[in-house]
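No value in this document is a laboratory result; all are computed from the given coordinates. Bear in mind that the values here come from a model prediction, so they are computed numbers and not experimental data. No Cβ is skipped: glycine too gets one built from the backbone with ideal geometry, and neighbour counts run over all protein chains shown.
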């Protein structure tokens, strides 16, 4: 039981390059999330997926796309990276069953866009 | 987005209680959360409270919610050096929209 895994751990891109951040969870949670964390700020929600086959925009979706490939996997794509997308990206999963809630976060992907 | 505010720093002596405060703006928030983040790691959900509750206790953690003032607090009893970390509060509404505060860095002095 690995929880939430993210790849890669680190990435350096040049402006205009594209990349996909991968996230997988093995807890059979329905909901998955992508956040970014900038220095001195809390997490901001980019996109979420309430269930397999659905995705919705969060607070800061511009410049990103997502795919909920199956129940386990939720990927985040930067089509044309910009320096403003330099950040730490966290994936999370969530389950709310019988009034009890669990959430797990991945270790993060540190992205530098030059 | 919503404004969730926290003080930036808190320093306490080992064995004392820590109280971390948070204010939020949206009265329609359904759940309010507290998370812990250690250096270089992802967030860990510590506890949460439903908006129709005033208090929740979970071992050393006590959450107080004042809906009238939109104020949330986290009290950590008998604070230990392992509690040194950044603590975030967050509110959620409409199920899946989460808004986080900027975090409070807690330093525990031995």
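Rank B:11, B:29, B:73 by mean-square fluctuation in a GNM of chain B with C-alpha springs under 10 angstrom and give only the top-ranked residue.
Greatest mean-square fluctuation among the candidates belongs to B:11.
How big is the convex hull of the Cα atoms of the protein assembly as shown, per residue, in Å³? If you can, show how the numbers build up before the last one.
Working: hull volume 27.7 nm³, N = 224.
Once divided by residue count, the hull of the protein assembly as shown is 123 Å³.
Which residue fluctuates most in the GNM of chain A (Cα springs below 10 Å): A:98, A:42, A:63?
Of the options given, A:98 has the highest mean-square fluctuation.
Given Cα pairs under 8 Å that are at least 6 residues apart, what percent is the relative contact order of chain A?
Details: 293 pairs, mean separation 39.7, N = 114.
So the answer I get is 35 percent.
Please arrange A:110, A:77 by how many other C-beta atoms lie within 10 Å of their C-beta, fewest to most. Could you put the intermediate results ahead of the total?
Details: A:110 16, A:77 13.
Arranged by neighbour count, lowest to highest, A:110, A:77 become A:77, A:110.
Scale the Cα Rg of chain A by the rule-of-thumb value 2.2 N^0.38 Å and send over the ratio, two decimals. Walk me through the intermediate numbers first.
On the way: Rg = 13.6 Å, N = 114, 2.2 N^0.38 = 13.3 Å.
With N residues counted in chain A, Rg over 2.2 N^0.38 Å equals 1.02.
When the C-alpha atoms of chain B are aligned to their principal axes, what extent does each axis show, in angstrom, from largest down?
Principal extents (largest minus smallest coordinate, Cα): 41, 28, 20 Å.
Give me a single rounded figure for A:36-42: the average over its residues of other chain Cβ atoms within 10 Å of their Cβ. Each step should come with its number before you reach the end.
Values: counts 0, 6, 0, 0, 3, 4, 15.
Rounded to a whole number, the mean comes out at 4.
Take chain A, connect every pair of alpha-carbon atoms lying under 10 Å apart with a spring to form a Gaussian network, then pick out the residue of A:31, A:93, A:80 with the largest mean-square fluctuation.
Of the options given, A:80 has the highest mean-square fluctuation.
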